[in-house]
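Asker: After the structure tokens below, expect a handful of questions from me.
The values are calculated or read from the model by the stated rules, or taken from the named source; none is laboratory data. What you are looking at is a predicted structure, and each value in this text was computed from that prediction instead of being measured. As a convention, Cβ positions derive from the backbone with ideal geometry for all residues, glycine included, and neighbour counts pool all protein chains shown. SASA here: full protein model, heavy atoms, side chains in, ligands and nucleic acids out. Shrake-Rupley method; radii C 1.70, N 1.55, O 1.52, S 1.80 Å.
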Amino acid sequence: MSIDSFLTGNEVTFHDDDIIVSKTNLKGHLTYANKLFLEIAGYTEQEVIGKPHNIIRHPDMPRVIFKMLWDTVRDGNEVFAYVINRCKNGDHYWVYAHITPSRDMNGKITGYHSNRRVPQLDILNQTIIPLYRQLKQAEDLADRKQGLLNSENLMSGYLADQQLAYDEFIMTVGQNQRRGYR
């Protein structure tokens with residue numbers, strides 16, 4: 001088993017007030033990682049700077065979510081997503097990520113910035129984890145290209161059933177369970 005696929009099944013978390021921050025260039029290579037990113041992922045700054053952000057990608061994360069995420073930020077828009085990441089030692093951690101394009105003074109996108117907070121466990125357990133399992137299963141039942149199409153179709157159908165666009169879904173899922181919801 002390679003170190004890239006080693007998983008412990010142990011979940012680690014961080015404090016509700018903490019924020020994991022990272023920045024990438026246009027190709028998704030890390031240009032900045034804050035102290036919390038390094039601590040929770042178990043890497044040193046030297047190990048991650050210049051590396052693809054997917055160095056922390058967990059194999060259970062559906063590719064369709066990353067495709068949607070990258071398509072959105074490359075179009076110049078912000079996006080929110082629930083993401084499971086893999087630590088260097090094989091542990092994992094969930095985040096609620098907010099990713100935005102970084103721009104120069106002329107408005108040209110120069111990279112991407114992500115702030116990640118602790119997600120609500122009820123939202124993960126009741127909605128996100130079951131949905132991601134279905135998406136991942138759809139991806140794994142076919143070759144890489146067809147699997148992604150299967151997953152995209154499944155996600156589109158899920159959102160159509162909810163009568164929501166993706167951003168509306170993310171903003172409203174478990175809304176009544178969120179801190180501060182009235």
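Asker: Given the stretch 36-182, what count of lysine pairs have C-alpha atoms under 20 Å apart, with each pair 8 or more places apart or on different chains?
Answerer: Details: K51/K67; K51/K88; K67/K136; K67/K145; K136/K145.
Total qualifying Lys-Lys pairs in the stretch 36-182 comes to 5.
Asker: Determine how large the accessible area of I19 is when every protein chain is in place; take a 1.4 Å probe and give Å² rounded to the nearest 10.
Answerer: Roughly 60 Å² of I19 is accessible to a 1.4 Å probe.
Asker: Quick one: net charge of S102's neighbours, Cβ under 13 Å, K/R +1, D/E -1?
Answerer: Local charge sum for S102: +2.
Asker: Along the Cα→Cβ direction, 7 angstrom out, place labels at D122 and V21. What is the inter-label distance in nm?
Answerer: Distance between the two pseudo-spin positions: 3.1 nm.
Asker: Related question: Counting only heavy atoms of the protein chains, get the accessible area per residue of the chain (1.4 Å probe) and round it to a whole Å² value. Could the numbers behind the result be given before it?
Answerer: Numbers: 10330 Å² over 182 residues.
Roughly 57 Å² per residue, with all protein chains present.
Asker: Shape of the stretch 25-98 from its Cα gyration tensor (a ≥ b ≥ c, root eigenvalues): rounded if a/c is under 1.5, otherwise prolate when a/b > b/c, or oblate?
Answerer: Judged from the Cα gyration tensor, the stretch 25-98 comes out oblate (a/c at least 1.5, b/c at or above a/b).
Asker: Here is a further query. Expressed as a whole number of Å, what is the distance separating the alpha-carbon centroids of the stretch 60-91 and the stretch 118-181?
Answerer: Here the two parts' Cα centres lie 12 Å apart.
Asker: Can you list residues whose amide H is under 5 Å from S102's amide H, if they're 5+ apart or on another chain and H is modeled 1.01 Å from N?
Answerer: When sequence neighbours closer than 5 places are left aside, the close amide H contacts are T110, G111, Y112, H113.
Asker: Accessible surface of M171 in the full protein assembly, 1.4 angstrom probe, to the nearest 10 Å²?
Answerer: The accessible area comes out at roughly 80 Å².
Asker: Let me ask something additional. Would you please classify the overall shape of the stretch 36-152 from the alpha carbon gyration tensor, given that a ≥ b ≥ c denote the square roots of the eigenvalues, rounded means a/c under 1.5, and beyond that prolate means a/b larger than b/c while oblate covers the rest? Each step should come with its number before you reach the end.
Answerer: Numbers: a/c = 1.57, a/b = 1.20, b/c = 1.31.
Since a/c reaches 1.5 but b/c is at least a/b, the shape of the stretch 36-152 is classed as oblate.
Asker: Using the crude model of +1 on Lys and Arg Cβ and -1 on Asp and Glu Cβ, and no other charge, please compute the dipole size for the stretch 1-130 relative to its Cα centre, in debye to 20. Numbers along the way, then the final one.
Answerer: Details: 14 positive and 15 negative charges, 110 e Å.
Roughly 520 debye, rounded to the nearest 20.
Asker: How much mean residue ellipticity at 222 nm does the chain get from its helices, if each DSSP H run of length 4 or more adds -39500 (n - 2.57) and you divide by all residues, to the nearest 500 deg cm²/dmol? The partial results should precede the final answer.
Answerer: Values: 6 runs with 61 residues, N = 182.
It comes out at -10000 deg cm²/dmol, rounded to the nearest 500.
Asker: Quick one: with all protein chains in place, what share of the accessible area of the stretch 1-105 is carbon or sulfur, to the nearest percent (1.4 Å probe)?
Answerer: Result for the stretch 1-105: 52 percent of the exposed heavy-atom area is carbon or sulfur.
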